[in-house]
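For reference, the structure discussed in these notes is given below.
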Amino acid sequence: MTTSSNEPILRVERLKKNFGGVLAVYDVSFELKRGEFLGIIGPNGSGKTTLVNLITGFVRPSGGRVLFKGKNITGKMPYKIADLGIARTFQMVRLFYNLPAYKNLIIPLCSSRVRRMRGGKYGEKDDEAVDLLDDMGFERDSYVPYKQVGTLPHGYLKRLDLARAMALRPELLILDELFSGMSMSEVASTLPLIEKFNREGLTIIMIEHRLKELFRVVDRVLVLNFGEKIAEGTPDEVMAEDEVKKAYLGIDVEIPPDPGTA
Amino acid sequence: MAERDFRKKRLDRGIKARSDTIFAVASTKEILYLLAPRFVPVAILLLLPLFLESYWNKVLVYACIYGLLALSWDFLASCGLFSLGQSLFFGLGAYIAGALNYYFHLPTVVTIPVATLAGGVLCAALLSPVMRLRGVYFAMVTLMLPLLLMKVVETTGVFGGTHGLSSLAGFPHEMLAIYLAIIGFLVCLFLFRRIMNADYGLILRAIRDDDRSVMSGGINIYWRKSQALFIAGAAGSFAGALMTHHYQFVGMSTFALDYSILPVAAVALGGPGTFAGAALGSMILVPLSEALRALGGLRIAIYCGILIVSIILLPEGFFHYLARKYHQFERIEKIK
Amino acid sequence: MSLLIYGLINSVILALYTVGFSLTYGISGIANFAHGALYILSGFAAWTFMNAAGLPFWLSGILAVLISAIIGFVFYWVLLLRLRGIPLAELIVTFAAGVAILELLTWKGFYGIRYSLPVLVRGGVEIFGVGIDYQRFIVLACGVFLVVGLWLFVHHTRIGLAFRAMAQNERTALSIGIESDWIGSLSLAFGAALAAVAAMVVLPLGVMESTIGYEVLIYALAVAIVGGLESTLGMIAGSFLIGYGQIAAARYIGAKWMIIVPLAAIVFVLAVRPSGLFGKFKELEERV
């Protein structure tokens, strides 16, 4: 399922968002090719999650455009964007705690996108959900897929959220701090999964604080600070830049001038 | 301290087939255990009209009609839409059926189904702009719409104005009306339960709990909510149409507050979320309110009192209490 | 010209109906559906003080406002304390309490021509060829005073700032030592008091009836929906839109069409901008 075309699958043009007077994202532009693996890093509060929310339609941009497969999706409703093939996970997992784990996957499996991709009809959804969880490392014979979500440990919830996003059969997957709250061993077992998805042709954007793990898998990194893109390139290139060091390590910290007044 | 040495312990009864999806019942005793709470009330309800006198049969029709409204309220509440205006659904259905019969002389076989469907569509259309908003907006708008529509009918005199439309077609036999009400009520009850336990209902409940998560699953939540509004609206409109033909009259009072408050009170009393609670609540409240008929206008105040007390003191509702008693037993146990 | 003046007065009356509801909702997020009931209840309370106890109108008015405030306060501690944070339950309980009050009033026979409050100043004056009685001037002054006073109070006093802090984030407010139950009950008390003040100035214009309670609630909700729930500016805009719309409809189409105006305004606003003219569009905003 490799794709050869070089047209960008996602193009973000001068995206802006301000909450009241606070600039959360300012003038961020980037492009993403099909099959690429992009990492987005930045200190806390640098606008990473807002950027995800802007792309997936959960927050309306104050300016700029988002193009997905050449189609303008700026300000579209989240379900519409998900329907086009952008799936996401949430930093704070949003699962249904009083349902069994596999029932959480029923929701994306009921979407019109999945029906379209299955050729116009739904399959046996419960079986499909258990299959998906099995792929995600929750073995079908174990108790996990059938347990109430509320009783599962936090690391499992993150992976369940990933499974929920994958159930939508996305073309672009956005992972918002998937690894936060996971143990080392959980990260070690999840990372190969994500790499496998990418090898199979899935385009991925990954927001992460664990740089070591992130740099092992991504093709390209984008660095945000105070809502602005301050660097872009391969992991090595990016970490060599002074501004990134400043932002991350706090060397010679200075508050940048307010971009709104500039 | 005697209280400290003992505690109340609750245990599930030893029935294996208590899960939602697995049915592996072994003995007839267990089958009876599971079926009795469903079939006994249904049987009682179906046989009751044969033994009651005419006055109490009317009360029974009332109870079923309010029961339908309560079910429709509970259905909407299950998808996170809290309505304070069931009389909107009721009144729309009643007026559609009445107008079709009055102006076009259509028979009941036509007017009731048409009113049911058209009422559902109209409710969904009227309320669809509101369901984009969360919180109290939906309740506010549903509260206002019937009251305003009532004023509109009153001041502009459409559909007979304050006099209403009278001498409409009735049912050929009283029993027909009674059984139509009972069967409509039972069908709604079991249909709604079935819907909510299916994947379709799972999505509706998920929308109530976290609409963003559902949206990120590629589900058009507004379309789903419109469908839910249609279903609930159709149930309410059916009740209205039934009432119109039962009384051979439709008037402004179909938009009155009674039809909004009593269903909510019934659900609050019976317990929300299961539909059985809504049904139980209306079966308790309506006969009770008949008994209080002598009090006249004070009745609504009493519904309100029941509503407040049951929300504050018995938030889980009567039905959950009964279900717990049925499925679990309690014993006092000594703490070692 | 008369259209302009009557429209203005009508708008201010609507704003008076809404101001208490809007205040309570803005501070504690409680939609007090007993608002209309408290409005008319305080009217009857004032009447009772005057006619049964023989007190002068100004004193009974003050007493009625106090009573209404106390009822609002007690509402919180008795009815709402256990239900905080469940908007639906809050709403149903206040609504049920309101309906219970109204139905009890009707049952006790509080309707008829003999129930009316006196005007403060008799007589009237003619301005630009339009006759206006003094009471309507008082309504006007009172409306302006309340709206401006409310704005100053919320933005420039200590307790007002505490109110605002709580309106923005209850947990944070708690963590910096603002007690939310206390503020919540005060917000209900203030809202109820404002309802009573409105009743004292508006009710003398007509006859009192318990059904007015529903009407006040409907208008207050209509204004709040049209203008947007939490915004003072929205409240003003909503009252003016509906107020002038009603007078214009009465003038050009016929008095019976007045009631259509709030309905039409709601339908229109909901279709165009569901959160109200000045409401914040909170539908999707998410800050993680």
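The values are calculated or read from the model by the stated rules, or taken from the named source; none is laboratory data. Remember, predicted model here, so these are calculated numbers, not experimental data. Because the Cβ atoms are built from the backbone with ideal geometry, glycine has one as well, and the counts that use them run over all protein chains shown.
Listed conditions (1) among the small types (Gly, Ala, Ser); (2) surrounded by fewer than 14 Cβ atoms within 10 Å (Cβ to Cβ); (3) in contact (Cβ under 8 Å) with a residue 12 or more places away in the chain; (4) not in a helix (DSSP H, G or I) are all met by A:Gly150, apart from (4).
Counting only residues that are within 14 Å of chain B (Cβ to nearest Cβ) and either free of Cβ contacts under 8 Å to residues at least 12 places away in the same chain or β-branched (Val, Ile, Thr) (or both), the range C:230-257 holds 7 of them. Of the listed requirements (1) among the polar types (S, T, N, Q); (2) touching a Ser or Thr at 6+ places or on another chain (Cβ under 8 Å); (3) in a helix (DSSP H, G or I), A:Gln91 misses just one: (3).
Out of curiosity, is A:Arg169 at negative phi, touching a residue at least 24 places away in the same chain (Cβ under 8 Å) and either in a helix (DSSP H, G or I) or not polar (S, T, N, Q) (or both)?
Numbers: at negative phi: no; touching a residue at least 24 places away in the same chain (Cβ under 8 Å): yes; either in a helix (DSSP H, G or I) or not polar (S, T, N, Q) (or both): yes.
It is false that A:Arg169 is at negative phi, touching a residue at least 24 places away in the same chain (Cβ under 8 Å) and either in a helix (DSSP H, G or I) or not polar (S, T, N, Q) (or both).
Taking the criterion of being over 17 Å from B:Ala278 (Cα atoms) and either outside any helix (DSSP H, G or I) or more than 14 Å from chain A (Cβ to nearest Cβ) (or both), the residues of the range B:188-227 that qualify are B:Ala198, B:Asp210, B:Gly217, B:Gly218, B:Ile219, B:Asn220.
Please go through the range A:194-213 and give me each residue that is assigned to a helix (DSSP H, G or I), at pLDDT 90 or above and among the aliphatic types (A, V, I, L, M), ordered by number. I'd like the intermediate steps shown before the answer.
Residues of the range A:194-213 assigned to a helix (DSSP H, G or I): A:194-199, A:211-213.
Narrowing further to those that are at pLDDT 90 or above: A:194-199.
Answer for the range A:194-213, where residues must be assigned to a helix (DSSP H, G or I), at pLDDT 90 or above and among the aliphatic types (A, V, I, L, M): just A:Ile194.
Residues that are within 16 Å of the chain's Cα centre (by Cα), more than 14 Å from chain B (Cβ to nearest Cβ) and polar (S, T, N, Q) do occur in the range C:63-71, at least one of them.
Here's the yes/no breakdown for (1) within 14 Å of chain C (Cβ to nearest Cβ); (2) surrounded by 14 or more Cβ atoms within 10 Å (Cβ to Cβ):
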position	(1), (2)
B:Asp258	yes, yes
B:Val267	yes, yes
B:Ile284	no, yes
B:Ile300	yes, yes
B:Gln328	no, no
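Being at pLDDT 75 or above and either surrounded by fewer than 21 Cβ atoms within 10 Å (Cβ to Cβ) or in contact with a strand residue (DSSP E or B) (Cβ under 6 Å, 6 or more places away or on another chain) (or both) is not true of C:Met235. When B:Phe138, B:Phe171 are checked against the criterion of being touching a residue at least 40 places away in the same chain (Cβ under 8 Å) and within 14 Å of chain C (Cβ to nearest Cβ), B:Phe138 stands alone in meeting it. Look at (1) modelled with pLDDT under 85; (2) in a helix (DSSP H, G or I) and you find that C:Gly20 fails only one, number (1). Here the condition is being of a type in the set (Gly, Ala, Ser) and under 30 Å from B:Pro107 (Cβ atoms); of B:Ala291, B:Ala256, it holds for B:Ala256 alone. Could you tell me whether any residue of the range A:71-87 is more than 11 Å from every other protein chain (Cβ to nearest Cβ), surrounded by fewer than 21 Cβ atoms within 10 Å (Cβ to Cβ) and not in a loop (DSSP other than H, G, I, E, B)? Yes. On the stretch given as the range B:141-164, residues that are assigned to a loop (DSSP other than H, G, I, E, B) and either facing another protein chain (nearest Cβ under 7 Å) or at pLDDT 80 or above (or both) total 1. For the range B:165-187, taking the residues that are part of a helix (DSSP H, G or I) and crowded, with 17+ Cβ neighbours inside 10 Å, the one that is modelled with the lowest pLDDT is identified as B:Ala177.
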